[in-house]
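Computed from the coordinates by the stated procedures, all read-outs in this text should not be read as laboratory data. A quick note: this is a predicted structure, and the numbers were derived from the prediction, not measured. Cβ atoms come from the backbone with ideal geometry, glycine included; neighbour counts cover every protein chain shown.
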Amino acid sequence: MDAEALHSTLEALRPTLLKIARLQLRNDAWAEDAVSETLLAALEGAAGFAGQSQVKTWVVGILKHKIIDQFRRGAREVSVEAQMQAAGAESFDELYRPDGHRVHPPLDWGDPEATLSRVQFFDVLQACVERLPAGMGRAFMMREWLELDTDQICKELAITPTNCFVMLHRARMRLRECLEMNWFATERGG
Amino acid sequence: MKQGWLLIPCRHAHELLSERMDKPLAPGDRFRLWLHLKVCDMCARVERQMDFMRRAMRRLGD
């Protein structure tokens, strides 16, 4: 790919990268920084990109590294909202009957491959992650997108391991409900 | 489903399903979850959904 083509490809990817960086960092200025660093690194490293993967996959990989680097450098102050959200009561009481069964049985989500091939599904997924409270969303993105282990997440968010597991569980339950309601129970997902 | 040492409610099964994605379960919990999933189709469904959400999240932005 020549320099000009790479330039315009990267420019086109910028909004997507920003969106994901915001989901992870929950801060517009930090997201801008991370994406700028990423695009710069992509331009500098273009010679090393042999086209072995999609440009997008390659650049998203750089973005992940840049964000993890920020964590390692301790560049961002720890947010207290994560601690508060972990400690707060959220029992999902409305989801379960007193005997521990669900009030509404979970839907059959059908063929995973078919869902993952739909671009619109990922818009709904992003919207659902965005709807998580900030601290919870950051922890969830660290675990499931950056694929960090819980030790690293606890350390970064300065929360106890117990709170970390609780918060990730709550995030998964909320995300499950949100996807079911906004995708699988609708025409689009059905 | 009755509750007891071996039999856990769906609510607890969901907690264990999630916990299992972050660390290995204690042997007792692993067995209780396994047993629950054997007999509870609805939780087996949630198990597949958890796996699906993980796959989907890893493809975010790809």
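Quick notes on this structure:
- Chain B - charge dipole about Cα centre, Lys and Arg +1 at Cβ, Asp and Glu -1, debye rounded to 20: 100 debye
- Relative contact order computed over chain B (Cα-Cα under 8 Å; 6+ residues apart), in percent: 30 percent
- Region A:83-178: chymotrypsin sites (Phe, Trp or Tyr not before Pro) in DSSP loop, at most 16 other beta carbons within 10 Å: A:F92
- Relative contact order %, chain A, counting alpha carbon pairs below 8 Å whose residues are six or more apart: 24 percent
- Relative contact order (%) - region A:104-170, alpha-carbon pairs under 8 angstrom, separation at least six: 21 percent
- A helix-only calculation puts chain B at -22000 deg cm²/dmol for mean residue ellipticity at 222 nm, using -39500 (n - 2.57) for each DSSP H run of at least four residues, averaged over all residues.
- Close Lys-Lys pairs in the protein assembly as shown, where close means Cα under 21 Å and separation is 8 or more or interchain: 9
- Value of Rg to Rh for the protein assembly as shown (Rh from inverse mean 1/r over Cα pairs, i.e. Kirkwood): 1.00
- Working from label points 7 Å from Cα in the Cα-to-Cβ sense, the A:D93 to A:D69 distance is 4.8 nm.
- Residue-averaged [θ]222 nm for chain A, counting only DSSP H segments that reach four residues, each worth -39500 (n - 2.57): -20500 deg cm²/dmol
- Region A:87-190: GluC sites (Glu not before Pro) in DSSP loop, at most 11 other beta carbons within 10 Å: A:E187
- Multiplying the residue separation of A:R131 and A:A158 by 0.36 nm and removing their Cα-Cα distance gives an extension gain of 7.5 nm.
- Cα-based helix-to-principal-axis angle, B:10-20 vs chain B, degrees rounded to 10: 50 degrees
- Residue-by-residue Karplus 3J(HN,Hα) for region A:164-171, coefficients 6.51, -1.76, 1.60, Hz, glycine and proline x: 4, 5, 4, 5, 5, 4, 4, 4
- Hull volume in cubic angstrom per residue (convex hull over the Cα atoms of chain B): 75 Å³
- Centroid-to-centroid separation of chain B and region A:98-134 [C-alpha atoms, Å]: 16 Å
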